[in-house]
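Structure record follows, encoded as structure tokens.
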Amino acid sequence: MTATDVMQRLYDAFAAGDRDALGTLIGDTDWVEATGGPYGGRYRGLGEVAANVFGPIARDVVDFTAVPDEIVSVGEDRALGLGFYRGMTANGPLEIRFAHLATVDEQRITHVEQFTDTHEWRQATGV
């Protein structure tokens, strides 16, 4: 399985709310959420990511999605997902571009770094 395949599995598991698959994929990952954004920081493993990123986003954004338009290979063990976050906030519709760079070791993602417009996130969520 290629790094792009594993990255696609992450997006699929997130969209399906498949906690078991997420646990397998990012159970012990090093996750970096963009500094300056409402959920910014460095988190370790699914528990911290769920508590500091997924949970707060679910609270702040109704019908949230993170759908990649494309996933490209970056060397042998990394993939870059490019797409849009979408949903509805108290301040109106949310549509913000993202890039997620993931490092893969076999079928697990060991590192994720998010790149996004943190100012747009703060305006959309009011956080």
Ranked output for segments 58-68, 28-38 by mean other Cβ atoms within 10 Å, highest leading, reads 28-38, 58-68
What size of dipole, in debye to the nearest 20, comes out for region 36-102 about its Cα centre when the only charges are +1 on Lys and Arg C-beta atoms and -1 on Asp and Glu C-beta atoms? 240 debye
Relative to the compact-globule estimate 2.2 N^0.38 Å (N residues), the Cα gyration radius of the chain stands at a ratio of 0.99
Burial ordering of Met88, Met1, Met7, fewest other beta-carbon atoms within 10 Å first: Met1, Met88, Met7
Skipping prolines and chain starts, which residues have an amide H placed within reach, meaning under 5 Å, of the one on His111, given they are 5 or more residues away or on another chain? Asp30, Thr103
Karplus-derived 3J(HN,Hα), 6.51/-1.76/1.60, for each residue of region 2-13, Hz, glycine and proline x: 7, 4, 5, 5, 5, 4, 4, 4, 4, 4, 5, 5
Computed over region 3-125: relative contact order in percent, which uses C-alpha pairs under 8 Å that are six or more apart: 28 percent
Loop-resident sites, region 66-127, for chymotrypsin sites (Phe, Trp or Tyr not before Pro), counting at most 12 other Cβ within 10 Å (DSSP): none
Backbone HN-Hα couplings from phi across region 92-108 [Karplus 6.51/-1.76/1.60, Hz, Gly and Pro as x]: x, x, 10, 8, 10, 5, 9, 9, 10, 9, 10, 9, 10, 10, 6, 10, 10
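No value in this document is a laboratory result; all are computed from the given coordinates. Computed from a predicted structure; not experimentally measured. With ideal geometry, Cβ positions are generated from the backbone for all residues, glycine too; neighbour counts draw on all protein chains shown.
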